[in-house]
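The values are calculated or read from the model by the stated rules, or taken from the named source; none is laboratory data. In this text, all values refer to a predicted model and were calculated from it rather than measured experimentally. No Cβ is skipped: glycine too gets one built from the backbone with ideal geometry, and neighbour counts run over all protein chains shown. We work out accessible area using only protein heavy atoms, side chains counted, and drop any ligands, DNA or RNA first. Shrake-Rupley method; radii C 1.70, N 1.55, O 1.52, S 1.80 Å.
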Amino acid sequence: MRLFDKTFSFYLLIIGLPLLFLPKINLFSFGERESAGIRLDDILLLLFCLVIFWAYFNLKNKMNTIERSILYITLFSLFSYTVNRLFVLGQWIDVNANIFYCVRLAEYFIFFYLGAMSIQFLRTSTLISLFFLWNASLMLLQRAEIIGQFGVDGYMSSTAGRVVGIASFPSEAGMLLNLVFCYLIYYESKDNKFYKLLPSELYAFFKQTYVYWLFLFCCILVIITGSRIAILALIVPFLYRIQADIRCGSAGTRLYGIGFLVIGAALTVIMIQNTDSITVRSAGLLSFKNLQLVEIIWDNIDLSHDPIGQETVKFEAYDMSWWMRAHKWIYAFKIYYLHPECWLQGVGPGFAMAALDGGWLRILTEYGLIGLGLFWSLFSQIARQSIQLRWMIIAFGINMIFFDVYLAYKPMSILFFVSGCVWAQARQETREILSRLRYTEM
């Protein structure tokens, strides 16, 4: 894909790449119950979208499989929204879809093109490393209460015990760290110019153990966000990576791996036990009452209004996040379940509140079985591009159990950006191979 010449691509990147590093701040918000709003990012990304659409129209470029998936999801979202409006007018259902949710994924997809253009000027690994260091620095400064955080409502001096970095809320910050960690531990080149400045013994040591140090650092950062599912999504790819190193590596690699496993497990447990944002919130996590809660809510929930702040069951000895999620999940799923006419296309995008805190459930209830298949196809195509993206999608899928990741601006921007970089790099390598073959034939 070659939409623009190198100079114009450079100017687009000068404007677009800083959006990855800037926090999300709404210029205009849509009501108290919506985290969405009009941002500076929205204005710039809309302009990028118009420019790229114009280039495609003029050059008559063919869409790749990922682009087609985004198009199908966007068109199907508009279809599901339209059906919702007809059902509401016919008084078959009484919950309203939100048209802004129909185009959100397409808006984030602009970062795919920024990634594709960026490989002409910089290494993807360099930018991801800079993004990681920038975000980590902000998180540590927030933890030390030297700076506050930016949310959708602007700057807040207090972090309320859970840091967010450049993200808008803790779960999004944890997901960002998961994605960056998965990319860096599966980055093919382990050579680092900084390491080469070290004595040869230290260089060899850090080359063999950088994955373990990176995990410990990321684990600390994820823990101070208080995002429990992000901790799991960090551990899974790490364990898979080190078991491969232990199985195929040298005796020294095995020794380092086993040693760091023991030390890392101990430090992780200690950190979690001494982090109030996790221990206090998890006090009732393993209570049997949490399971009983589901049946009680299902039988008693009032579907005439969303349950946020109006929960049917009073809070007792339940895990707080489970108590809140159970109300929201049952509200959304029960509406979907009671309307078989919506099983294929869903109730409608955005009907399940600003945050359902369950991405897979949200896709099913809002887009139905057809929409779930379309999203699964998109994520599968991205995962097949490279080993880094495969593990980024696995971490993405784990977080989707308790977090609406596909609607989160920063994680989707990073995911699409890396996907665009990998796709363009593969295209460039293919062209070079074909060029050499033609030269050889001549």
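Assorted remarks:
- The number of residues in the stretch 87-115 being among the β-branched types (Val, Ile, Thr), within 30 Å of SER419 (Cβ to Cβ) and open to solvent by less than 30 Å² (accessible area, probe 1.4 Å) comes to 1.
- Filtering ILE393, ILE363, ILE387 for residues that are touching a Phe, Trp or Tyr at 6+ places or on another chain (Cβ under 7 Å), farther than 18 Å from SER304 by Cα and modelled with pLDDT under 95 leaves a single hit, ILE387.
- Filter result (under 16 Å from ALA352 (Cβ atoms) and charged (D, E, K, R)) within the stretch 305-319: ASP306, GLU311
- Only helices (runs of 4 or more DSSP H) whose full extent lies in the stretch 1-118 are considered here, and the ones with at least 3 residues that are modelled with pLDDT of 85 or more and under 19 Å from the mean Cα position of the chain (by Cα) are 18-21, 65-89, 104-108, 110-118.
- Any hit, the stretch 372-379, residues being among the hydroxyl-bearing types (Ser, Thr, Tyr), more than 13 Å from the chain's Cα centre (by Cα) and at negative phi: yes
- Every condition in (1) open to solvent by less than 10 Å² (accessible area, probe 1.4 Å); (2) of a type in the set (Lys, Arg); (3) closer than 21 Å to THR124 by Cα is met by ARG362 except one, and the failing one is (3).
- Residue among ARG427, ARG384, ARG362 that is free of Cβ contacts under 8 Å to residues at least 12 places away in the same chain and of a type outside the set (Phe, Trp, Tyr): ARG384
- In summary, helices (runs of 4 or more DSSP H) completely within the stretch 219-307 and bearing 1 or more residues that are open to solvent by 70 Å² or more (accessible area, probe 1.4 Å) and either over 25 Å from TYR183 (Cβ atoms) or at pLDDT below 65 (or both) occur at 251-273, 276-279, 289-300.
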